[in-house]
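Read the structure below first, then the notes.
The values are calculated or read from the model by the stated rules, or taken from the named source; none is laboratory data. None of the values given here were measured: they were computed from a predicted structure. Neighbour counts run over all protein chains shown; Cβ positions are idealised from the backbone, glycine included.
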Amino acid sequence: MPEWKWTQIANHDTLTEGPVWDGSGLLYNECAASTTFRWDPKTNESSVWRENTGAANGQTFDRQGQLFVCESDAHRITKVDASDLNAEPMIISDAYQGETMNWPNDIAVDQQGRVYFTDPNYTGGPSNLDHQSVYMAEHTFGGNWNTLRVTFDTYKPNGLLFSIDQKTLFVADTPTDPTETRRLLAYPVNDDGTLGDHQVLHDFGLGRSIDGMTLTSTGTILATAGSSSSGPGPIIYEFEASGRVVRTYPTPADNPTNCTFGGSSLNTLFVTFKGGEVYQVEDTGHTGQLAYPQRRF
């Protein structure tokens, strides 16, 4: 495994999140600025791609290249038309049983087009709902979307990720209550999209645990976690699907928030940070397993 060499490609005033590779460049969000930026590897520069994003956080492409976004301050999940950014985003989900969502945080789409998202509250204020859960939005007959709650045992779910066979949904549960431990959970996915009972893959104790995750082509998980204030510091964890820690990679900035693969061979890792930095590692020794764009052999 090669030694990772980190290169900073962007720096912003506040937290960056939601990195996704669009096939030729990197999209990512500066959440508090409600702005999505696009970094172009040809120019090595970032430019504004979309504004007024509702404090967009996590985002992902489905297999057709459609972009789904967690608009945290707008309390909704949307589908953005990347070919017409002036078009109003399509609302996928903005309520559960008639009540406004909390602050949607991260998102994943399965091969059937079902949209899964986490809905925690990290504001310090009261929640809109009396629980913080994972949801599944399913496209129904007539072009509508139906939102189902699929976890009933999470405290403050954050990052989520499907296994390669999509039979497991990995969820980072990251409560801020000092009496509740932070964990990486694995839920079996039922045929109807609901989830079975979870298994605890890793217990982080009271330190800063996983924020975002991405998948390698061999099925291992790379996860952003840790901070300089406790534990082993800010690092990228590499987990087997069983939860075994394979190795860790120290990061050059504090509080990494999320990561994804990109580049022409999908072997470059991009990482966002709480301080607004965005870094890349060009030769990680891994290849990303992305729904879009898929790697061409």
Please identify the pairs in which a residue from the range 132-154 that is more than 18 Å from ARG183 (Cα to Cα) has its Cβ atom under 6 Å from the Cβ atom of a residue that is modelled with pLDDT under 95 and among the polar types (S, T, N, Q), counting only partners at least 6 apart or on another chain. ASN146/THR140
How many residues, within the range 93-143, are under 17 Å from THR60 (Cα atoms) and hydrophobic (A, V, I, L, M, F, W, C)? 9
Within the range 133-144, take every residue that is at pLDDT 95 or above and farther than 17 Å from ALA186 by Cα and give me the one that is nearest to the chain's Cα centre (by Cα). ALA137
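Inside the range 258-284, can you point out the residues that are of a type in the set (Gly, Ala, Ser) and surrounded by fewer than 24 Cβ atoms within 10 Å (Cβ to Cβ)?
Scanning the range 258-284 gives GLY263, SER264, SER265, GLY275, GLY276.
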Report yes if VAL246 is part of a strand (DSSP E or B) and over 20 Å from ASN105 (Cβ atoms), otherwise no. yes
Among the residues of the range 15-60 satisfying the criterion of being aromatic (Phe, Trp, Tyr) and closer than 28 Å to THR123 by Cβ, which is surrounded by the most Cβ atoms within 10 Å (Cβ to Cβ)? TYR28
Can you tell me which residue in the range 153-164 is modelled with the lowest pLDDT, limited to those that are within 16 Å of GLY243 (Cα to Cα) and surrounded by fewer than 19 Cβ atoms within 10 Å (Cβ to Cβ)? ILE164
Would you list the strands (runs of 3 or more DSSP E) that sit entirely within the range 14-96 and hold 3 or more residues that are within 21 Å of ASP110 (Cβ to Cβ) and in contact (Cβ under 8 Å) with a residue 12 or more places away in the chain? 16-21, 56-61, 67-71, 76-80, 90-93
Residues being of a type in the set (S, T, N, Q), surrounded by 14 or more Cβ atoms within 10 Å (Cβ to Cβ) and modelled with pLDDT under 95: count how many of those fall in the range 67-100. 0
